[in-house]
Amino acid sequence: MTPTVSASGLSLRHGGTRALDDVSLRLSAGVTGLLGPNGAGKTTLLRVLATAVPADRGSFTVLGHDPGTSRGRQEVRRRLGYLPQTPGFHPDFTAFEFVDYVAILKELTDRAARHREVRGVLDEAGLGDVRGKRIRKLSGGMRQRVALAAALVGDPAFLVLDEPTVGLDPEQRMRFRELIARAGEGRTVLLSTHQTEDVAMLCHRVVVLADGTVRFDGTPAELTARAAGRVWSSDGRDPGAKAGWRTGLGTFRNVGDPPAGADLLEPTLEDGYLLTLDGAGAEVTA
Amino acid sequence: MTYGTTGGTSGGGTGWHVSEEDLRAYARGGLPAPLLWSADTHLTACAHCRAVLADVSDPVALDGGWERLDAELDAPRPGFLESLLLRLGIADHTARLLAATPALRRSWLGAVTAVLLLTVAVTAGYGTGGSPTLFLALAPLLPLAGVALSYGPALDPTYEMAVVAPTHGFRLLMIRTVAALGAGLGLNGLATLALPGYGLRALTWLLPALALTATALALTARLGPVLAPSLVGGGWIALLLTADAARAGEEDPLAPFTAAGQGVSAAVTALAAALLVLLRDRFDLNSRSTP
């Protein structure tokens, strides 16, 4: 199957920091999760793939188009939906006006066709009833859905979502995941997150990024399997563990190389993720 | 719009009907805006016109018309600025792009007007014997600031989305620049009318205003939308201070407002505009380099 996105050797420096270092990946239809700690380079990679910033080195294509050329970049942008990490809104616009504004930027200039499209994506995002409300009066979750509706304008083949569930309460997060799952049907979606639950619930594939490099690229089950036999329970934090934290049961969950006779536990995606990072900035509470 | 009353029949209480000729054009999809929007609105309330439309339309085209009408009913009423732009004949999609321009908001225009009123009052207070230096020094900075406030990551909350949209960044920049510059120059022009005693001298801000704005835009391609206008604005003030120190007498105009200075401004405007066109592709990428 021809990949939607094919990237090779992407590198980018910000000042003295290497934000991306020789990143290569291929993305096909379905939802791919991009996991990594803060500062791993997730947002930078997404912005490069969304054609917002150029890479210093390396190349990539989206649907066969090379964004390195002006014409190729425009073709990519015609098939792209992008939800930035902190989407901005014009404060006086209603939800309808804002999505309409983005639709115009996406070259939908015919008024009737554009309004039909705007109504469609707002309905798809569950915002049909509030489309006439000013954005500043909407809740954070609803604003995030407005931004997703804007990203969906024009039926993009490649959808880039930068931490779309951050800052949402559990119920909003769940609703947003449903929307992303639906949006991912028949599309290629790249979703950055630092929440393993997002990946477990949504993604058929996961890429772990740390210090600007790809540390893992495979299925969530394969990432989980990395921790098989390397998670154990103990009454206190095991000093030999790479990470350990107290669970709700009062016992400690440890990941790393277990001591002989350890009480092994079923691994989770999070365990596999922590072991993959292994010193690359994982933050765990002990 | 060629409306006519037909047989005294009231159209949904409006008292008039869309002419059959316009309804035929509507059915063909050939009725231009804003006539189209009026017809859309009228058809929602007038059973008579809907019936006439059904008679003059083929069913497929009529379905398209109903769909358009349906979409129209969903669209919120445009705000003050958008309505004004639509009345001026601006296409609805361009009007919406302009409605999102910070430098066209009433708060900004109000602030510029207040600054100009104050400056004109101070300048007029000196009497007409001298040079309107304060006004001439300030006036070019206001359009520059308006254009600087129209584009870029610092002031446009949707900048990131706009950058990755297929609409060329340069086109968006130009649409907003023309509007912001038009508003800025228009207000300056009105302020100039309040200083009739200075004659054409009071208009010598115009070419420097164009030169500063064009130079700032050309530099924006390399330096970004904050640093470039700041440097150009700072450079203008430094130039005026230097010219002030160099002039022979208090009553002499500063160098930028002499005939030679005006020529230099015109040349700088042309060169900067050419450079801006050469660098237009740079506006298709994000000018913010931090992650």
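The values are calculated or read from the model by the stated rules, or taken from the named source; none is laboratory data. Just so you know, these numbers come straight off a predicted model, no measurement behind them. Backbone-built Cβ (ideal geometry, glycine too); neighbour counts: all protein chains shown. Note: areas computed on protein heavy atoms with side chains; ligands, DNA, RNA excluded. Shrake-Rupley method; radii C 1.70, N 1.55, O 1.52, S 1.80 Å.
Between B and A, buried accessible area from a 1.4 angstrom probe totals roughly 3800 Å², ignoring ligands, DNA and RNA.
Note on residue B:113 and residue A:174: the model spin-label points, each 7 Å out from Cα along the C-beta direction, lie 5.2 nm apart. Against chain A, whose longest principal axis comes from its Cα atoms, helix A:111-124 is set at around 30 degrees. The residue among B:178, B:200, A:272 whose Cα reaches farthest toward the positive pole of the charge dipole of the protein assembly as shown, with charges on the beta-carbon of Lys, Arg, Asp and Glu, is B:200. Relative to the dominant Cα principal axis of chain A, helix A:140-152 is inclined by about 60°. Each label was represented as a point 7 Å from its Cα along the Cα-to-Cβ direction; for residue B:94 and residue B:259 these points are 3.8 nm apart. Inter-chain neighbour count for A:43-55: the average number of beta-carbon atoms from partner chains within 10 Å of each residue's beta-carbon is 3. Counted by Cβ distance under 12 Å from residue A:126, the other residues give a net charge of 0, where Lys and Arg count +1 and Asp and Glu count -1. Excluding ligands, DNA and RNA, the accessible surface per residue across the protein assembly as shown is 44 Å² with a 1.4 Å probe. In terms of packing, defined here as the mean over residues of other Cβ atoms within 10 angstrom, the peptides A:251-264, A:35-48 line up highest first as A:35-48, A:251-264.
Can you send over the carbon and sulfur percentage of the accessible area for chain A, probe radius 1.4 Å, protein chains only?
Numbers: 5490 of 11780 Å².
Answer for chain A is 47 percent, counting heavy atoms of protein chains only.
Which FRET efficiency value, to the nearest 0.05, do you get for residue A:260 and residue B:80 by plugging their Cβ-Cβ distance into 1/(1 + (r/R0)^6) with R0 = 56 Å? About 0.15, to the nearest 0.05.
Per residue of A:147-158, other chain Cβ atoms within 10 Å of the residue Cβ number 1 on average.
Relative contact order of chain A, please, whole-number percent, based on alpha carbon pairs below 8 angstrom and at least 6 residues apart.
Details: 573 pairs, mean separation 59.4, N = 286.
Result for chain A is 21 percent.
Pairwise Cα separations in the protein assembly as shown fall into 10 Å bins from 0 onward with the following percentages, short to long: 3, 14, 20, 20, 17, 13, 8, 4, 1, 0. To the nearest ten degrees, helix A:95-105 and the longest principal axis of the Cα atoms of chain A are 80 degrees apart. Across peptide A:97-106, the mean count of Cβ atoms from other chains lying within 10 Å of each residue's own Cβ comes to 6.
With the Cα gyration tensor of segment A:1-155 in hand, give its eigenvalues times 5 under a square root as the equivalent ellipsoid semi-axes, listed largest first in whole angstrom.
Values: eigenvalues 186, 68, 37 Å².
Sorted largest first and rounded, they come to 31, 18, 14 Å.
Putting +1 on Lys and Arg Cβ atoms and -1 on Asp and Glu Cβ atoms, find which of B:272, B:154, B:236 reaches farthest to the positive end of the dipole of the protein assembly as shown. Going by the charge dipole, the pick is B:236. Computed from label points 7 Å out along Cα-Cβ, the spacing between residue A:22 and residue A:197 is 3.7 nm.
Residue ranges B:144-152, A:14-22 sort as B:144-152, A:14-22 when ordered by packing (mean number of other C-beta atoms within 10 Å per residue, highest first).
Report the full-extension gain for the segment residue B:274 to residue B:33: residue separation times 0.36 nm, less the Cα-Cα distance, to one decimal in nm.
Details: separation 241, 0.36 × 241 = 86.76 nm, distance 3.47 nm.
Taking residue B:274 through residue B:33 to full extension adds about 83.3 nm, to one decimal.
Please say if segment A:75-118 is rounded, prolate or oblate, where rounded means a/c under 1.5 for a ≥ b ≥ c the square roots of the C-alpha gyration tensor eigenvalues, and otherwise the choice is prolate for a/b larger than b/c and oblate otherwise? Oblate shape, in that a/c is at least 1.5 and b/c is the bigger or equal ratio. Each Lys and Arg adds +1 at its Cβ and each Asp and Glu adds -1 at its Cβ; summed about the Cα centre, the protein assembly as shown shows a dipole of about 800 debye. Look at the alpha carbon pairs under 8 Å that are at least 6 residues apart: their mean separation over the length of segment A:13-123 gives a relative contact order of 14 percent.
About the Cα centre of chain A, how large is the charge dipole given +1 on each Lys and Arg Cβ and -1 on each Asp and Glu Cβ? Please answer in debye to the nearest 20.
Numbers: 36 positive and 35 negative charges, 205 e Å.
The dipole of chain A has a size of about 980 debye.
Projecting the Cα atoms of A:139, A:241, A:8 onto the charge dipole of chain A (Cβ charges, centred on the Cα centre) puts A:139 farthest toward the positive pole.
Any idea what the dipole of segment A:1-131 comes to, in debye rounded to 20, about its Cα centre with Lys/Arg Cβ at +1 and Asp/Glu Cβ at -1?
Details: 17 positive and 14 negative charges, 71 e Å.
Taking the Cα centre of segment A:1-131 as origin, the dipole is about 340 debye.
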